[in-house]
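Novice: Next up is a structure, given as structure tokens.
The values are calculated or read from the model by the stated rules, or taken from the named source; none is laboratory data. What you see is a predicted model, and the numbers here were worked out from it, not measured in a lab. Ideal geometry is used to build each Cβ from the backbone, glycine not excepted, and the neighbour counts take in all protein chains shown. Side chains included, ligands, DNA and RNA excluded: accessible areas come from the protein's heavy atoms. Shrake-Rupley method; radii C 1.70, N 1.55, O 1.52, S 1.80 Å.
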Amino acid sequence: MSDKPEKLITDDGLRLDGRHADEIRPMKIEIGVLSRADGSCYLEWGRNKILVGVFGPREAHPRRLQRADTAVIRYKYNMASFSVEDRARPGPSRRSIEISKVSREAFEPVIMAELFPKTAIDIFVEVLQADAGTRTAAINASSIALADAGVPMKGLVTSCAFGKVDGQIVLDLNKEEDNYGEADFPVAMTQDGDITLLQMDGHLTSDEIKKGLELVKKGCKEILEIQQAVLRKKFETPVEETEEEATGIESEVVEAELSLEYATEAAAVDDIIEEIEGPEEELSEETAEACAVNEEAPECEKLEEIIKEAEAEVVEGETIEEVIEAEIENETEEEAFEDEAEFEANLEASYEEVSEPEKLAESELEETVSEEAELVPEIEEFNEEEAQPEAEAQLEEPVGVEEQSQPEEEAKLEELEESQLEEEVQLEEEVEIEKISPKETFESESEIESEAESRKEAPAEQAVEVEEEAEEEKCKGPWKVVKDPSESGSRGENDE
Ligand code: UDP
């Protein structure tokens, strides 16, 4: 601790730091220095350095401290051990507790705590460097931090102290004046001039207090201007915001115009979509599915033709749906007849190339043989070792069927194959068979054999089955285009 100077105020009326009696020390304020705090402030006032963090309003813990009608304001003043010349003892002390209490009470009249019941507003003050007047400096910084946190307040709180030094009332004591002066009188007040904190350490007359309070008001007014200037610097961007708002309004107008333009275009697109989707909604679900899979499918073209014809043939009292159904029925019958005629023509062509004794058997098996002509090379090329497990699993069932009828089947097939070698080539040209994958080929091989056996066992049922197939095709609708007679033949249905 430095020795007491002879004079705290020089002969020319200046103080040791060069200030006049009614001057405050230079003040520097920064806002929002702590990222984790809701509000924060760093304040330098002379050689005082104060850091304040505000948290809340937030749920008060422990809950027993909650108040149902208002928020709880907690103020914690702490002086860092390195903040003073002689190391300060860490932790709370009588002095820090006292300063915390009077400082909290300095804010209670302005903080609108009633808006936040059961919550807490925490104000943490850390004195990093002390040079007298730390409580007043902390109140000024806390006021800024509360505003930074957005805590509703009736106004800012400013604080300043006056004292008596060498018999003179001076404003804002420094360390030497506080230590060696005759009185210290800290005051806090609202921006309306209402005093929220008043303490006195020393001896002062009423006139000295009145004079001192006048100095404090002057000092607090200056501090308030600094506080407001700092807050405006951070938050007051009303001019720029106004411009942005104006720009925002313009952009909203532009967006609205664009949306209107788009609405017109969207309406036109919707009309087109309705025109396109309209006829499809009148079709059956199966037809819609078939067309959905392939819009260029022949069945779609047929349906379009049917619809056009139906529209042209609409008679009074008859709906277009009825006309379309009638057209579809006609198409189904015609298609069934066309399939059956093609099938018979293939049979006749096969008969011409086969010897008379074998004609009956050939007519029963010609479809099977025609498939074999296509399938056998693929089967030979297919490597069973490379076959997928799925294909092998699917082969198990047909093989089981094959084993049951194998003796009879093999004998008959051997006879047939010898006489059919020449015939197969011609049947390939006459009957179109779709390409079949290796997996399908394996399935078909066993199916062919079992089918051949079944056909031999029941040759008389052939004509009846063909008729039944035609009827089933009718039920499936006109969009079922059968390119390969083997697909629509009795083979698949018989197996089932
Ligand atoms: N001080 C100190 N050690 C302490 C307490 C205070 O050196 O344990 C110094 C410190 O510089 C402080 C000044 O004494 O600013 C005056 O302290 P006071 O209790 O009057 O509070 P303040 O004026 O800081 O609000």
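Novice: How big is the accessible area of Val110 in square angstrom, nearest 10, if you roll a 1.4 angstrom probe over the protein chains?
Specialist: My reading of the accessible area for Val110 is about 0 Å².
Novice: Same structure, new question: Calculate, in nm to one decimal, what Arg89 and Gln228 gain on full extension: separation in residues at 0.36 nm each, minus their alpha carbon distance. Display every interim value, and only then the final one.
Specialist: Numbers: separation 139, 0.36 × 139 = 50.04 nm, distance 3.52 nm.
In short, 46.5 nm is gained.
Novice: Under 11 Å from the Cβ of Ser159, count the other residues' Cβ atoms, weight Lys and Arg +1, Asp and Glu -1, and hand me the total.
Specialist: Local net charge: 0.
Novice: Hey, another quick one. State whether the range 158-225 is rounded, prolate or oblate according to the following rule on the C-alpha gyration tensor (a ≥ b ≥ c being the square roots of its eigenvalues): a/c under 1.5 gives rounded; otherwise a/b larger than b/c gives prolate, and the remaining case gives oblate.
Specialist: Here the range 158-225 falls in the prolate category.
Novice: For Leu65, Leu215, write out the residues from largest to smallest accessible area, computed with a 1.4 angstrom probe and no ligands counted. Can you show the working numbers first?
Specialist: Details: Leu65 70, Leu215 25 Å².
The most accessible residue leads, giving Leu65, Leu215.
Novice: Continuing with the same structure: For Phe55, Phe124, what's the largest-to-smallest order of accessible area, 1.4 Å probe?
Specialist: Values: Phe55 55, Phe124 75 Å².
So, going from the largest accessible area down, we get Phe124, Phe55.
Novice: Expressed in nm to one decimal, what extension gain is obtained for the pair Arg67 and Lys221 from 0.36 nm per residue of sequence separation less their Cα-Cα distance? Can you show the working numbers first?
Specialist: Values: separation 154, 0.36 × 154 = 55.44 nm, distance 3.42 nm.
Separation in residues times 0.36 nm, less the Cα-Cα distance, equals 52.0 nm.
Novice: Using a Debye calculation, one point per C-alpha and no hydration shell, please list log10 I(q)/I(0) for the range 108-176 at q = 0.12, 0.15 Å⁻¹ in order.
Specialist: Debye output, listed in q order: -0.43, -0.60.
Novice: Can I ask one more? When a/c is below 1.5 the answer is rounded, else prolate if a/b is larger than b/c, else oblate, so apply that to the range 1-60 with a ≥ b ≥ c taken from the square roots of the Cα gyration tensor eigenvalues.
Specialist: Working: a/c = 3.99, a/b = 2.96, b/c = 1.35.
Cα axes put the range 1-60 in the prolate bin.
Novice: When the Kirkwood radius is taken over all Cα pairs of the range 90-132, what Stokes-Einstein diffusion coefficient follows at 20 °C and 1.002 mPa s, in µm²/s? Don't jump to the answer; show the numbers that get you there.
Specialist: Details: Rh = 12.4 Å.
Estimated diffusion coefficient is 172 µm²/s.
Novice: So, in nm, how far is label Glu214 from label Lys28 when the simple model puts each one 7 Å beyond its Cα toward the Cβ?
Specialist: With each label point 7 Å from Cα toward Cβ, the separation is 3.4 nm.
Novice: Another one. Any idea how far the Cα center of the range 1-71 sits from the one of the range 140-188, in Å?
Specialist: Comparing the Cα centres of the range 1-71 and the range 140-188, I get a distance of 8 Å.
Novice: Where only protein heavy atoms count, and the probe is 1.4 Å, what is the accessible area per residue for the range 70-154 in Å²? Walk me through the numbers on the way to the answer.
Specialist: Working: 3680 Å² over 85 residues.
Ligands and nucleic acids excluded, the result is 43 Å² per residue.
Novice: Label-point separation (nm) for Asp11 and Ile97, each offset 7 Å from Cα along Cα-to-Cβ?
Specialist: Inter-label distance under the simple model: 5.0 nm.
Novice: Under a 1.4 angstrom probe, counting protein chains only, how are Lys218, Lys118 ranked by accessible area, largest first? Write down the numbers at each step before the final one.
Specialist: Working: Lys218 80, Lys118 110 Å².
Result of the area sort, largest leading: Lys118, Lys218.
Novice: Still on this model: Shape of the range 1-136 from its Cα gyration tensor (a ≥ b ≥ c, root eigenvalues): rounded if a/c is under 1.5, otherwise prolate when a/b > b/c, or oblate?
Specialist: On the way: a/c = 2.42, a/b = 2.09, b/c = 1.16.
Prolate.
Novice: For each pair in Lys28/Lys234; Lys49/Lys175; Lys164/Lys217; Lys76/Lys101; Lys28/Lys233; Lys28/Lys76, compute the distance between the two Cα atoms and list the pairs where it is over 19 Å.
Specialist: From the list (Lys28/Lys234; Lys49/Lys175; Lys164/Lys217; Lys76/Lys101; Lys28/Lys233; Lys28/Lys76), the Cα-Cα distance tops 19 Å for Lys28/Lys76.
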